[in-house]
Every structure is written in C-alpha cells, then in structure tokens.
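J.: Quick one: the structure is below, questions incoming.
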Amino acid sequence: MSADAVRPPATLVGQAVVCGIAVAAARFVPVPLLDDAIRLRATQVAVVRTLRAGQRTYPSKRVAPLYEGADGGVFHDAMKYLRSVPRRVVLFPVRKYVAIFGAVKGVPTDVMKVVLLSRVLHRSLVQNRLPEDDEEAAREQQALRIRQAYDEAFKGMDLRLLSAAIADGLSQGRRLTPAAVKFARSTFGKPDDQKVTDAELRPDGAVGESAERVEEALDRPEIQLILERFDEEFERVLARGPRS
C-alpha cells in the first residue's frame, strides 16, 4: 500500500495537533490529577476522532489501551476526579505564564506523540485493523499490540528533527502559553461524558495560529520523509509480534 493511501487527511492531522497542544499545556496546570486528566482526555479525543475518520463507530473504551497506554491504570482515577471535582477548581484562574511554549522541555515531544499516535491508528484502520465486527476481547488485544508497537517505534527512532520542526511552530511568542492552558482547561478539563465539539477542535487565537504553523511544518518534504520512516518502523515492530 502506497504512502499516500494511508496518509491521514489534513483535518485529522489538525485535530491531532490541537489535542497535542492540550496535552502539552497540561504541564502548566498546577492542580494535582487535573493535569493527568487533561492529558489523558485530550489523547482520548484524538483517538476518538481518528476512529470516526476511519468509519469505526464503537466506543473508544473498546480500544482503551490506545489512549491509556500499554500499562493503563491512571486514566480511570483521573476521569473519576473530573467527575467529582468542583467546577471552581477546574476553572481556576490562568496564571501569567512567561515561558515560550515551544521552548519548554518536553512540550514538542508531547505534541509529537499525539500526532504520531493518531497517524499509526489511522494507518491501522485503513489496513482493516480493529474492525467493526471483531470480538471485543480480540479488538482490545489488537489495540494493546498497536500501542506497544507505537511505543517501541517511538523509542527506537531519532525524531529530533521532527521535534524541532514542531517546536518552531510553537515558539512564536509568549501569548501561546496562557492561551494553551486556558484552552486545555476549558476544553478537556471536563467529564468524559461531555463531548468535545468540532468547533472546540478548531480554536482561534494563538492556539489556532500555532496549530496551523505546526501543520505546515509537518507538511514539509523532509518531515514527511521522517513520518514515513516512522510508519515503516511501526509496521516492522508490529509484524515482529510482542517480545516474550
């Protein structure tokens, strides 16, 4: 199958970038458990959007390892926290952050991880993995294997050039940091039974502008080559099967 055939559509890439910015913004949320909840909820939304783009209608919890991670565990505690926390805590005042968002260690990697996760999931759906009519246990096991292969491919590749390209898109001034925190808190700092709308995944202002710059960076030929190499590494690891 050609690279173009499994390349995710621009809309899906944009949504993954926006979710990735929210994941990164959780680093600046000074409320215990709320930062984990935002991070996991944003990753879950990226997975949901990818599933729907791939014509999968089952609930995301059927493939929970994709967004919970191969080990799981943290997500349920974080979501339980969001369902019980007072809104006045979730909507705490935004601090005056002075850090340049893309220059903060770990921020570009946070965005990159969500983009690559959505990418390999889209690729898997196009290749008829995680089918609609599969048994739930079998689908969950395949989701776990996809997540494991993604994690291993991520650890096994030098992605510094990709990270730098994303950082460039996120380092266009100091306005992004408070805007990203406010966006992450208001969009993903709510219970998981409250859907994130299409409009919320098309933010305006500094977040929307930065997401567009990141999308443009991802579309550069040299970055597309890195993304295609990541695809190849993911497929190689997946085909090898789990390590004993």
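J.: Given the conditions (1) open to solvent by 30 Å² or more (accessible area, probe 1.4 Å); (2) out of contact with any Phe, Trp or Tyr (no Cβ under 9 Å at 6 or more places or on another chain); (3) touching a residue at least 12 places away in the same chain (Cβ under 8 Å), which single one is not true for Glu232?
T.: (3)
J.: Starting from the stretch 159-170, keep only residues that are among the charged types (D, E, K, R), then list their pairs with residues that are open to solvent by 50 Å² or more (accessible area, probe 1.4 Å) whose Cβ atoms are within a distance under 8 Å, requiring at least 6 positions of separation or different chains.
T.: Asp168/Arg213
J.: Another question, then. Among the numbered conditions (1) in contact with a helix residue (DSSP H, G or I) (Cβ under 7 Å, 6 or more places away or on another chain); (2) buried (at least 18 other Cβ atoms within 10 Å of the Cβ), tell me where Gln172 comes up short.
T.: Checking Gln172 against (1) in contact with a helix residue (DSSP H, G or I) (Cβ under 7 Å, 6 or more places away or on another chain); (2) buried (at least 18 other Cβ atoms within 10 Å of the Cβ), the one that fails is (2).
J.: Of all residues in the stretch 126-137, count the ones that are among the acidic types (Asp, Glu) and in a helix (DSSP H, G or I). Let's see the steps before the verdict.
T.: Step one: of the stretch 126-137, the residues among the acidic types (Asp, Glu) are 132-136.
Pick out the ones that are also in a helix (DSSP H, G or I) and you get 136.
Looking only at that region, the number is 1.
J.: Tell me yes or no: at least one residue of the stretch 64-76 is open to solvent by less than 20 Å² (accessible area, probe 1.4 Å), at pLDDT 90 or above, in a loop (DSSP other than H, G, I, E, B) and farther than 22 Å from Leu33 by Cα. Reasoning before the result, please.
T.: Going residue by residue through the stretch 64-76, those that are open to solvent by less than 20 Å² (accessible area, probe 1.4 Å) are 64-67, 69, 75.
Then drop every residue that is not at pLDDT 90 or above, which leaves 64-67.
Retained after the next criterion (residues that are in a loop (DSSP other than H, G, I, E, B)): 64.
Add one more test, that the residue is farther than 22 Å from Leu33 by Cα, and what stays is none.
Checked the stretch 64-76: no residue is open to solvent by less than 20 Å² (accessible area, probe 1.4 Å), at pLDDT 90 or above, in a loop (DSSP other than H, G, I, E, B) and farther than 22 Å from Leu33 by Cα.
J.: Considering every residue within the stretch 43-54, establish whether at least one is modelled with pLDDT of 95 or more and of a type in the set (D, E, K, R).
T.: Looking through the stretch 43-54, at least one residue is modelled with pLDDT of 95 or more and of a type in the set (D, E, K, R).
J.: Considering only the stretch 105-114, state which residues are crowded, with 22+ Cβ neighbours inside 10 Å, among the β-branched types (Val, Ile, Thr) and out of contact with any Cys (no Cβ under 6 Å at 6 or more places or on another chain).
T.: Val107, Val111
J.: For Val207, indicate whether it is in contact (Cβ under 8 Å) with a residue 40 or more places away in the chain, in contact with a Lys or Arg (Cβ under 9 Å, 6 or more places away or on another chain) and not charged (D, E, K, R). Step through it out loud before you land on a result.
T.: Details: in contact (Cβ under 8 Å) with a residue 40 or more places away in the chain: yes; in contact with a Lys or Arg (Cβ under 9 Å, 6 or more places away or on another chain): yes; not charged (D, E, K, R): yes.
Yes: the conditions hold for Val207.
J.: Could I ask something else about it? Would you please list the contacts, defined by Cβ atoms under 7 Å and residues six or more apart or on different chains, that run from a residue in the stretch 48-68 that is over 16 Å from Leu144 (Cβ atoms) to a residue that is among the small types (Gly, Ala, Ser) and buried (at least 22 other Cβ atoms within 10 Å of the Cβ)?
T.: Every condition considered, the pairs that remain are Thr50/Ser118.
J.: Still on this structure, I have one more. Arg56: buried (at least 16 other Cβ atoms within 10 Å of the Cβ) and not in a helix (DSSP H, G or I), yes or no?
T.: On the way: buried (at least 16 other Cβ atoms within 10 Å of the Cβ): yes; not in a helix (DSSP H, G or I): yes.
In short, yes.
J.: Got at least one residue in the stretch 204-212 being within 16 Å of Arg7 (Cβ to Cβ) and open to solvent by 60 Å² or more (accessible area, probe 1.4 Å)?
T.: Keep residues of the stretch 204-212 that are within 16 Å of Arg7 (Cβ to Cβ), which gives none.
There is no residue in the stretch 204-212 that is within 16 Å of Arg7 (Cβ to Cβ) and open to solvent by 60 Å² or more (accessible area, probe 1.4 Å).
J.: Same structure again: Going by the structure shown, is Leu121 assigned to a loop (DSSP other than H, G, I, E, B) and open to solvent by less than 10 Å² (accessible area, probe 1.4 Å)? Can you show your working first?
T.: Values: assigned to a loop (DSSP other than H, G, I, E, B): no; open to solvent by less than 10 Å² (accessible area, probe 1.4 Å): yes.
Spelling it out, it is not the case that Leu121 is assigned to a loop (DSSP other than H, G, I, E, B) and open to solvent by less than 10 Å² (accessible area, probe 1.4 Å).
J.: Which of the residues spanning the stretch 17-37 are surrounded by fewer than 24 Cβ atoms within 10 Å (Cβ to Cβ) and more than 14 Å from Thr109 (Cα to Cα)?
T.: Result: Phe28, Val29, Pro30, Val31, Pro32, Leu33, Leu34, Asp35, Asp36.
J.: Continuing with the same structure: Please specify each residue of the stretch 124-153 satisfying the condition of being open to solvent by 50 Å² or more (accessible area, probe 1.4 Å) and either touching a Leu at 6+ places or on another chain (Cβ under 7 Å) or closer than 30 Å to Arg174 by Cα (or both).
T.: Going residue by residue through the stretch 124-153, those that are open to solvent by 50 Å² or more (accessible area, probe 1.4 Å) are 126-128, 132-137, 140-142, 148, 152.
Across the stretch 124-153, the qualifying residue is only Gln142.
The values are calculated or read from the model by the stated rules, or taken from the named source; none is laboratory data. A quick note: this is a predicted structure, and the numbers were derived from the prediction, not measured. When we count neighbours, we look across all protein chains shown, and the Cβ atoms used for this are built from the backbone with ideal geometry, even at glycine. These area figures cover heavy atoms from the full protein model, side chains too; ligands, DNA and RNA do not enter into them. Shrake-Rupley method; radii C 1.70, N 1.55, O 1.52, S 1.80 Å.
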